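All remarks here apply to the structure that follows.
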Amino acid sequence: MGKVVLVTGGSRGIGAAVSRLAARDGWDVAIAYRARADAAERVAEDVRSLGRRVITIACDITDPRAVCRMFDQAAAELGYVEALVSNAGVIHRAAPLVEIPTEEIRRIVETDLVAHIVCNREAVRRMARSRGGRGGVIVNISSMAPELKGAGGFVPYAAAKAGIDVLTEGLGKEVAHEGIRVNGLRPGLIDTDMQADTGVPERIQRFGPTVPLGRAGRPEEVAEAVVWLLSDKASYVAATVFNVSGGR
């Protein structure tokens, strides 16, 4: 049996790339998804083709009870969950804050911040040595949006993602003595289907050339950084957030 990683938002984009590369590196994978069972199963087939065990779990991460069930199912079917990649997220359509409804702001904050806090909490409850766990690794995926102050109509999104960075650094210091390494990544402009949810036409084509490296990133480029943080090669890295942004 291999080590087990739970990836939220694992059916598409960065999460799907993480699932595949983690399998390549010897991890068994629990792929959590919200609605696209077909997409999750396609990623699962890729993991199986690499010789690793995999399950898919439908989970609304904004429901704390569902999050608990997600962890319990992963452990029951695959074994001790040694790593969490807290990746699931949403984005709103680009607009000035004065035009964004309160319901949309709440949706963003619930999904892009509160759910990450809850997922981290439940991971620590199971990994902490003082609670009977064997330690582990958490990697939180935020965004470069806070560094850019939500420029281009993304203030609520940026505010929520900034909270993830605080979660990573604060929790990382709080639980390091429990044998848990908590780190994070800030992806920049990454070519995923989530870009279409911004409502900005041809966003990758328009803004890719403005990145210092001259292009948008690929999900696999973020995933490579994630699996490094999961590995023993990053054994002395804790409470730290890295940019994966092409210099943006």
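Within the stretch 149-175, the set of residues being closer than 16 Å to Arg203 by Cβ and in contact with a helix residue (DSSP H, G or I) (Cβ under 7 Å, 6 or more places away or on another chain) comprises Gly150, Tyr157.
Looking only at the stretch 44-59, residues that are farther than 19 Å from Gly26 by Cα and either among the small types (Gly, Ala, Ser) or surrounded by fewer than 16 Cβ atoms within 10 Å (Cβ to Cβ) (or both) come to 1 in all. When each of Val139, Val124 is tested for being within 23 Å of Trp228 (Cα to Cα), among the aliphatic types (A, V, I, L, M) and part of a helix (DSSP H, G or I), the lone residue that passes is Val124. For the stretch 191-204, the count of residues that are in contact with a Ser or Thr (Cβ under 9 Å, 6 or more places away or on another chain), surrounded by 19 or more Cβ atoms within 10 Å (Cβ to Cβ) and under 21 Å from Ala22 (Cα atoms) is zero. Taken over the stretch 14-38, the residue count meeting the criterion of being among the small types (Gly, Ala, Ser) and surrounded by fewer than 23 Cβ atoms within 10 Å (Cβ to Cβ) is 3.
Bear in mind these aren't lab numbers, they're just calculated from the coordinates by the rules spelled out. Since the model is a prediction, treat every value here as computed from it, not as a measurement. Ideal geometry is used to build each Cβ from the backbone, glycine not excepted, and the neighbour counts take in all protein chains shown.
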